[in-house]
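A short reminder: the numbers here are calculations on the coordinates, not readings from a lab. The structure displayed is predicted, hence computed values, not measured ones. Heads up, the Cβs are rebuilt from the backbone with ideal geometry, glycines too, and the neighbour counts pull from every protein chain shown.
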Amino acid sequence: MKIIYFHQHFSTPKGAVGIRSYEMARRLIARGHDVTIVCGSYGGGDTGLKSTFVNRIRRGTVDGINIIELDLAYSNSDGLLRRATTFLQFALSSIKIALVEPYDLIFATTTPLTAGIPGIFARWLRGKKFVFEVRDLWPELPKAMGVIRSPFLLGALSFLEWASYRSAHRIIGLSPGIVEGIVHRGVDPSRIALIPNGCDLDIFSEAVLPWRPADIAETDCLALFAGTHGLANGLDSVLDAAKELKRRDRVDIKFLLIGQGKLKPMLQERVLKEGLENVVFHEPVNKEKLSGLMASTDLGLQILANVPAFYYGTSPNKFFDYIAAGLPVLNNYPGWLAGMIEQNNCGYVVPPNDSSAFADALESAADSRDLLIEMGCNAQKLAREKFDRALLSNQFADWIEGT
């Protein structure tokens, strides 16, 4: 089967972002399918293509995947208007590709929600099979965060969500809450599969060279956040905990925030203003280097802003990277991930916006290194038994092939 796969934020493992689409495409290719990824140029990502753009497009093949990369730069640091413009430009270019390229099935994954537009056109104008993957519930999440307030825009996004669900032959949700939200929109549950993000055990479990930034001593208890520094991530809660630990004179506990995002400059400014020497920032690194960093880390931080829509409606890449690396996880909001952490004794769950409880958990971790090792083993066991990417990618391919 010839498959065209739309993912605006695609990256190979050479980039510093999630590689779900890369791994899923590779599994489909291993089963004999021909896969073409259509993507933009994502900040922190790496498509593997190095040739120059011709008429704002370049093509090539990387690790068996045919890639069509559009010259549409996107960064998590972009403002709302610029991001919206890039999303629409990608959607319009994708429609043209969907209407002229030869293929049997079209697959589109969010974010953004506009990723579903070429699938809608392909289904109704060319009669093609369409599978739609939902990574976040839109417009529910931006509405809950207050990022989008316009009734007109929220209505338009709600219609696009409805049209995407109605046009797709099959749908994939990445978390229980996402699946529940799709069902709530009137979609037959038999058309929906839950396939969460997975653990790249071959990347994070293999022997690597451990490293730490120079500012962090080998004896320090290191808590790592690896992800976007944006509004949704609520990283002020980390700085609040750092401030509390400074007050307690726990200089042996360090925070490392690695990544990029719109709020990073403001977070850095706050750290300087409040003299939080226990917080270190670092630029994004690729998966191989991140694996080495995690090998020397004591605890992974799964942090989000306290928005109830996040509790069951997200499937964060970073959580699965942490447990793949055998890291216990500190989570600061309720929901399905918090439940897994508690049920599998693989970390700490603290209430939202509670810097004292956050600091207590970190002190407990720093004072109980043997317990941390045990929790890390439990985390990696969970990764192997429930979230091995090889297992989930086979489920993904089965679902696609059954369309």
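Based on the Cβ-Cβ distance of Asp63 and Asp249, what FRET efficiency does E = 1/(1 + (r/R0)^6) give at R0 = 35 Å, to the nearest 0.05?
0.10
Rounded, prolate or oblate for the range 263-311? Axes are the square roots of the Cα gyration tensor eigenvalues, ordered a ≥ b ≥ c, and the cut-off for rounded is a/c under 1.5.
Oblate is the answer for the range 263-311, as a/c is 1.5 or above yet b/c matches or exceeds a/b.
Who wins for biggest fluctuation among Ser296, Ser368, Ser41 in a Gaussian network model of the chain, springs between alpha carbons below 10 Å?
Ser368
Under Stokes-Einstein, with the Kirkwood radius over Cα pairs standing in for Rh, what whole-number D in µm²/s applies to the range 90-192 at 10 °C and 1.306 mPa s?
114
Specify the inter-centroid distance of the range 323-388 and the range 265-309, based on alpha-carbon positions, in whole Å.
So the separation of the two Cα centres works out to 16 Å.
Counting Lys +1, Arg +1, Asp -1, Glu -1, what net charge surrounds Ser77 among other residues with beta carbon under 9 Å of its beta carbon?
Around Ser77, the charge tally is +1.
Going by a ≥ b ≥ c, the root eigenvalues of the Cα gyration tensor, does the range 202-386 fall in the rounded group (a/c under 1.5), the prolate group (a/b larger than b/c) or the oblate group?
rounded
How far, in nm, would the chain grow between Leu371 and Ala144 when pulled straight, counting 0.36 nm per residue and subtracting the alpha carbon separation?
Using 0.36 nm per residue and subtracting the Cα-Cα distance, I get 78.0 nm.
Using only the alpha carbons of the range 20-80, determine the length spanned along each of the three principal axes and report them from longest to shortest in whole angstroms.
The Cα atoms of the range 20-80 stretch 40, 25, 15 Å along their principal axes.
Of Pro265, Pro284, Pro139, which has the largest mean-square fluctuation in a 10 Å C-alpha GNM of the chain?
Pro265
Top mean-square fluctuation among Ser51, Ser291, Ser393, Gaussian network model of the chain, C-alpha springs under 10 Å?
For the chain, modelled as a Gaussian network with Cα springs under 10 Å, the answer is Ser51.
Taking square-rooted eigenvalues a ≥ b ≥ c of the alpha carbon gyration tensor, is the range 214-296 rounded, prolate or oblate, where a/c under 1.5 means rounded and, failing that, a/b exceeding b/c means prolate?
oblate
Calculated from DSSP H runs of 4 or more alone, at -39500 (n - 2.57) each and per residue, what is the 222 nm mean residue ellipticity of the chain, nearest 500?
The helix-only estimate for the chain comes to -13000 deg cm²/dmol at 222 nm.
How many nm separate the modelled label positions at Thr52 and Trp336, each set 7 Å beyond the Cα in the direction of the Cβ?
Going by the 7 Å Cα→Cβ label model, 4.7 nm.
Give me Rg over Rh for the range 165-216, both radii from the alpha carbons and Rh done the Kirkwood way, two decimal places.
My calculation of the ratio gives 1.34.
Return the equivalent ellipsoid semi-axes of the range 287-403 as a descending list in whole Å, where each equals the square root of 5 times an eigenvalue of the C-alpha gyration tensor.
Three semi-axes, in Å: 26, 18, 12.
What's the whole-number percent of alpha carbon pairs in the chain lying beyond 42 angstrom?
Distances greater than 42 Å cover 11 percent of the Cα pairs.
Can you give me the C-alpha center-to-center distance between the range 186-221 and the range 111-178, rounded to a whole angstrom?
26
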